[in-house]
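What follows is a single structure, written as C-alpha cells, with notes after it.
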Amino acid sequence: MKKLLLPLLGIIPLLSFAGGFQVNLQGTKQTGMGHLGTSFHLGASSAYFNPAMMGLDENKFSFEAGGSLIASSIQFQNGNTGVSESTDNPIGTPFYLFGTYKINDKLSAGLAVYTPFGSTVVWGDDWSGKYLIQDIALSAVFIQPTLSYNISDKLRVGAGFAIVQGQVEINKALPLPVGNDAAASLKGSATAFGFNAGIHYDVNEKISIGLTHRSKVDVELEEGDAVYSDVEPALASSFPDGKFSATLPLPGTTTLGIAYNVSEKLLVSVEGSFVQWSDYQSLDFDFEPNTSSLKDSENARKYEDAMIFRVGAQYSYNDMFDFRAGFYYDQSPIQDEYFNPETPNSDNIGLTLGLSGHIGERFGFDASFLYVIGTERDSEYQPANFGGKYASRSLITGLGLNYNF
Amino acid sequence: MKKYKLLYLLPAALLFGCEPDIEDVSTNGGSADFSVYVAVGNSLTSGIQGESLTLEGQEYCYPNIIATQLEPLGGGEFKQPLLTGEPATEGVFTTFYPDPRSNLVLPSIVLKATPTGLAPVFPDPLMDWYSAPAFFENISAEGPYNNVGASGARVGSLNDPAFSSSNNWFKRFSSPGETVLEAAMKNNPTFFSLWIGANDVLGYSTSGGDESGRLITSISEFEADISEALDTLTRTGAKGVIANIPSVTGIAYFNTVPLGTILDAASANALTQGYADYNDALENPLLGIPAAEAAKRKITFTAGQFNFFIVTDTTLQSDRRLAGVPSIRQITSNEHLILQTPQDSLLSGWGTAKPIPGNYHINTDELKKINDATAEYNRIIKREADVRGLAHYDAYAAFNVISSTGIIEDGISLNGDYISGGMFSLDGVHPSTRGHAVAANGFIDAINAKYGSNIQSVSVSNYPSVEVTP
C-alpha cells in the first residue's frame, strides 16, 4: 500500500473551486473524505469545521498546516457560433493554518487561518466574452480566533470571530462604439468581519451530530483602483483613472452532519450544507469620478440558495495509516439566465481520496486528491446576451502536516 | 523501481483526462446547397461604410461573413471585386491618379480627434463617387465574382444593360452591356442572397425628398423588377434568401441633426421681432389666408424653451393670396433633418434667422411617401419569398428594434444613434462592421429557419468598432 503514496504526492495539480466562488479545501483530512468534518473530530482543523469540537483533542496543543494545488480547466462552447474556448487558469493555492490549545477540561482556545472563498478564472484578452470578463481573481483570507466549551461529556459548543481580508481584481475589455478595445482593471481589497459557531453532540458511543453556522460576510471594497488602458486619446477624458467601491457578499453557510463509527476502524459520515447564495443579487460598481461614458454599473447576479450533500468514510488501516474516500454534490447557485463567465460554476460532483500517515506520537502528514466534475450546462448571461455550454474539470491535490503535543 | 515509474505516469494521465469535453456542433446544410453562393444587392452588399468603399469594408461586408460561415457546410471560394492598394488621403481625389489600380480607395468620412472631442470629418467636397468620371481599371476578366453588390443599384438596375456603363462601381468588374444578374449567374450559383430596394426610396430620402429630383420607384415597377430578378436567380434551381428594406427614416442619417434649439431671451426677442411682419401678413384680413394655413405657418420663439427650426417648405399650400409670403414654417416633431445639414450654417443662423433649405428636410408628406413605398416593397418581397419558397430576413423589423430599444450582443450595446450607437458607419446610412455582423447573423437565422440548416452565427465581439483615425 505504501507505493500508492508516491503518485499521490507526485501530482502537480491542476485546479479549482466549488459552487459560486466558495473554496472548500480547509483540511486535507476532511477533503480526502468529501470535505466533511462537522460531526467528528480530526485535529486542529475543527476550529474551522466545527469549533465546538476543539475540546475533543487529546493533546494540549495541536497544530495543522496545509494547502492545495488546484488545476482547473473550464471549457465554453459559444451558443451562437459553436466555437469552443477554454480558460488558461493559473494553479490556485489555497492554504490553511490551525492551532488549538486545551486550557482545561472544559475550555479550549484556537486560531484558524483559512481561505474559504476564491476564484481565479483567466479567459484571455481576446476571447468572445471579453466584454464581460477577461480574467478575475477573488480571494478571502479568514483569521479566526476561537473558543470552545464542553457543557457536558456529550454536548459542547464553540464559536470564533473571523477577521476577513478580501481581495478582488477584475479585468475586462470596454465595449466602446469607436476606437480600439480599451480595458478596465478594477482592483481592491477590504477587511470585513464574521463568525463561525457550532454545536456538537454525542448521541451515543457510535453516533455524533454536529451543526455549524458560518456567517455571511459583506466584503465592502472602498477606494478600489479603477485603471483604464489603451483608451483612444480623444476619449481619455471620458475614462479617467479613479476609484471604485463595490460590495461582494460572501454567503452564510449552515451545515448539519452525522458521523457513525461503524467499528473501531471505520467511520462514515454524511453532511448537508445550506449556502445562502441568494445574498448575491447584484455586483454594483460605484465609480468615482463619473463621466458621461463612465457611469455606475449594476450587474445582476441573482444567485439562489444552494445545497451541498457530502458523504465520506475513513478507514484506520493500522497505527501508521488512515485511508479516506468521499463524494459530494455541490449545487450551482446560478440561474440559467444569469450565468456569467466570471464565476462559471455548474453543479459540481466531487470524488475524493485521502491518506494520512503518522510518524511517531506527535507528527503526521495528510494527502488528499480531489477530482471535480463541473457538469455541462447550457446557460447564458442574458443582460449581455452571451452564453453557450460550459463544463469544467478540476484536479486538486492537498497536502497537510500536523503536530500535536 | 520500474513499478514506481509507471505509477508516476498515472497523475500525468489523469491530468490529461482533466479537460472537459463538450461535443462539437455538427453542421449540416439542410435542404440547401451552399457550394456556390452569390450576393446580389447595392452598397449594403458591396460593403460601403462611411460613404466609401475600403478593403476593410469589403472584408467585413455581410456577404463575406455569411460566406465564411458557409465554409464548414461545403461553401466554396467567395470571390469579391476587392480594392487594391493603399488608402487615398481623405478628400484628395487626385491621389487616384496616375495609377488608379494602386490607389483604388475612395475618400471616406473619418472619425478624428478635434478640439471639441471626437467628430466625423467629411471629405470636402463629399464625392458622389459612383457618378464621377470613370477611373477604374476593369477587372472583369478575373471574375466571375460572387459578390456583385453595386453601390447605387436600385431594383431596376439589376437587369439593366446600361448599368454597366452608368455605374462606375459595377463597370469596374463587369463586361460592357452585362447586367448585374448576368454577372451573378456566371457563377452558376446554388445559393443566393438578395438585398435590394433601399435605393428605390433612399435616393429620394437622403436628398431631402421632393426637392431632390430623385423619384421613388413605382410599386408596379418594383414588383416587376423584383420578380424578374428572382426568376433569373432561381432559374437553375438555386435556393436563396431575400431581405426586406429597413425603415430608411429610422436610420441615423435622418435622426441625428436636432430639429431645433433652446434660445436665450435676447435671441428669442430679436427673432420674434424679425418674423413679426411675416406673422402679421398671415393674419392680415386683406390677404384672407385661411386660419388653418396661417396656424401652420406661424412662427413663434420662446425664450428658455426648445424652439423648432424654420424650414423652407415648397409644399405649403400655394394660393395667389400667398404671393409674396415666403413658404416657410417651423418643423414639427415627427419630421427629419438629414445628417448633411451643415452644422456651421445651423450655428450661424440657419433654422432661426434664416430658413433651412428644403433639400435638407423630410416633411410629413415626404415621410408618408417613403414609409408607404417601403411598406409596399416589403409586402412584395415577403410575398415573393413565400411564393418561391425562399428564406426571408425581416431586416425592417430587426433594424426597428435596433433603432428603438437597441440590442445587446456579447456585452456590446448597439443602437441606431449616430456614432455612439455603434450600429451604423459614419455616413449614418450604411451599417458599421459590427452592424454587418448583426445583419449577417440575421440572414443566417433566416436561412437556417427556412432550410433546416445549422449555419453557425458569428460573435459580434470579434468585430472591431468604428475606427478612429489618428
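The values are calculated or read from the model by the stated rules, or taken from the named source; none is laboratory data. Computed from a prediction, not measured in an experiment: that's the story for all the values here. Don't worry about glycine lacking a Cβ; one is built from the backbone with ideal geometry, like all the others, and counts go over all protein chains shown.
Taking the conditions exactly as written (more than 18 Å from the chain's Cα centre (by Cα) and under 30 Å from A:Glu169 (Cβ atoms)), does A:Gln30 satisfy them or not? It would help to see each step written out before you state the result.
Details: more than 18 Å from the chain's Cα centre (by Cα): no; under 30 Å from A:Glu169 (Cβ atoms): yes.
Criteria not met by A:Gln30.
Of the residues making up the range B:411-446, those that are at the interface with another protein chain (Cβ under 8 Å from one of its Cβ atoms) and on the phi > 0 side of the Ramachandran plot are B:Gly411, B:Ile419, B:Gly422.
Out of the range A:358-376, which residues are facing chain B (nearest Cβ under 10 Å) and either over 24 Å from A:Phe95 (Cβ atoms) or at pLDDT 95 or above (or both)?
A:Ile373, A:Thr375, A:Glu376
Residues that are more than 14 Å from chain B (Cβ to nearest Cβ) and not small (Gly, Ala, Ser) within the range A:128-139 comprise A:Asp135, A:Ile136, A:Leu138, listed in sequence order.
Looking at the range B:65-82, which of the residues that are of a type in the set (S, T, N, Q) and crowded, with 21+ Cβ neighbours inside 10 Å is nearest to the other protein chains (Cβ to nearest Cβ)? Break it down stepwise before answering.
Of all residues in the range B:65-82, those of a type in the set (S, T, N, Q) come to B:68-69, B:80.
Retained after the next criterion (residues that are crowded, with 21+ Cβ neighbours inside 10 Å): B:69, B:80.
Values: B:Gln69: 9, B:Gln80: 22 Å.
Per the stated criteria, the residue is B:Gln69.
Restricting A:Tyr303, A:Tyr317, A:Tyr381 to residues that are modelled with pLDDT under 95, closer than 30 Å to A:Asn261 by Cβ and of a type in the set (Phe, Trp, Tyr) narrows the list to A:Tyr317.
Here are A:Phe142, A:Phe193, A:Phe117: which of them is away from chain B (no Cβ under 14 Å), surrounded by fewer than 16 Cβ atoms within 10 Å (Cβ to Cβ) and either among the aromatic types (Phe, Trp, Tyr) or within 23 Å of A:Gly400 (Cα to Cα) (or both)? Can you show your working first?
Working: A:Phe142 fails: surrounded by fewer than 16 Cβ atoms within 10 Å (Cβ to Cβ); A:Phe117 fails: surrounded by fewer than 16 Cβ atoms within 10 Å (Cβ to Cβ).
Testing whether each residue is away from chain B (no Cβ under 14 Å), surrounded by fewer than 16 Cβ atoms within 10 Å (Cβ to Cβ) and either among the aromatic types (Phe, Trp, Tyr) or within 23 Å of A:Gly400 (Cα to Cα) (or both) leaves just A:Phe193.
Restricting attention to the range B:155-186, and to residues there that are closer than 19 Å to B:Glu223 by Cβ and small (Gly, Ala, Ser), which single residue is surrounded by the most Cβ atoms within 10 Å (Cβ to Cβ)? Residue satisfying both the conditions and the ranking: B:Ser157. Scanning the range A:276-290 turns up no residue that is in a strand (DSSP E or B) and either closer than 30 Å to A:Val203 by Cβ or touching a His at 6+ places or on another chain (Cβ under 9 Å) (or both).
Answer yes if at least one residue in the range A:254-268 is in a strand (DSSP E or B), buried (at least 20 other Cβ atoms within 10 Å of the Cβ), more than 14 Å from every other protein chain (Cβ to nearest Cβ) and in contact with a helix residue (DSSP H, G or I) (Cβ under 9 Å, 6 or more places away or on another chain), and no otherwise. Step through it out loud before you land on a result.
Start the filter on the range A:254-268 by keeping residues that are in a strand (DSSP E or B), which leaves A:254-261, A:266-268.
Add one more test, that the residue is buried (at least 20 other Cβ atoms within 10 Å of the Cβ), and what stays is A:255, A:257, A:259, A:267.
Then keep just the ones that are more than 14 Å from every other protein chain (Cβ to nearest Cβ); that gives A:255, A:257, A:259, A:267.
Checking the rest, the ones that are also in contact with a helix residue (DSSP H, G or I) (Cβ under 9 Å, 6 or more places away or on another chain) come to A:255, A:257.
Within the range A:254-268, one or more residues are in a strand (DSSP E or B), buried (at least 20 other Cβ atoms within 10 Å of the Cβ), more than 14 Å from every other protein chain (Cβ to nearest Cβ) and in contact with a helix residue (DSSP H, G or I) (Cβ under 9 Å, 6 or more places away or on another chain).
Residue count for the range A:383-405 satisfying the condition of being more than 9 Å from every other protein chain (Cβ to nearest Cβ) and surrounded by fewer than 22 Cβ atoms within 10 Å (Cβ to Cβ): 5.
If you go through the range A:247-261 and keep only what is farther than 17 Å from A:Arg310 by Cβ and either at pLDDT 95 or above or of a type outside the set (A, V, I, L, M, F, W, C) (or both), you end up with A:Thr247, A:Pro249, A:Pro251, A:Gly252, A:Asn261.
Can you work out which of the residues in the range A:212-236 that are of a type outside the set (Gly, Ala, Ser) and not in a strand (DSSP E or B) is nearest to A:Phe40 (Cα to Cα)? Ranking the candidates gives A:Lys216 first.
Take the residues in the range A:47-62 that are surrounded by 19 or more Cβ atoms within 10 Å (Cβ to Cβ) and among the hydrophobic types (A, V, I, L, M, F, W, C), then tell me which one is farthest from A:Ala159 (Cα to Cα). Only one residue fits best here, namely A:Leu56.
Taken together, the residues in the range A:293-324 that are buried (at least 17 other Cβ atoms within 10 Å of the Cβ), in contact with a helix residue (DSSP H, G or I) (Cβ under 7 Å, 6 or more places away or on another chain) and of a type in the set (A, V, I, L, M, F, W, C) amount to 2.
Within the range A:196-241, which residues are within 14 Å of chain B (Cβ to nearest Cβ) and not polar (S, T, N, Q)? Before the answer, list the steps.
Here is the first cut: in the range A:196-241, the ones within 14 Å of chain B (Cβ to nearest Cβ) are A:230-239.
Of everything in the range A:196-241, those that are within 14 Å of chain B (Cβ to nearest Cβ) and not polar (S, T, N, Q) turn out to be A:Asp230, A:Val231, A:Glu232, A:Pro233, A:Ala234, A:Leu235, A:Ala236, A:Phe239.
Criterion applied to B:Thr45, B:Thr114 was being surrounded by 16 or more Cβ atoms within 10 Å (Cβ to Cβ), of a type in the set (Val, Ile, Thr) and either closer than 16 Å to B:Asp427 by Cβ or at pLDDT below 80 (or both), and the one residue passing it is B:Thr45. Out of A:Leu176, A:Leu186, one residue alone is on the phi < 0 side of the Ramachandran plot and not in a strand (DSSP E or B). It is A:Leu176.
Do we find that A:Thr352 is touching a His at 6+ places or on another chain (Cβ under 8 Å) and within 14 Å of another protein chain (Cβ to nearest Cβ) in this structure?
Numbers: touching a His at 6+ places or on another chain (Cβ under 8 Å): yes; within 14 Å of another protein chain (Cβ to nearest Cβ): yes.
It is true that A:Thr352 is touching a His at 6+ places or on another chain (Cβ under 8 Å) and within 14 Å of another protein chain (Cβ to nearest Cβ).
Of all the criteria given as (1) crowded, with 19+ Cβ neighbours inside 10 Å; (2) modelled with pLDDT under 85, the one not satisfied by B:Ser212 is (1).
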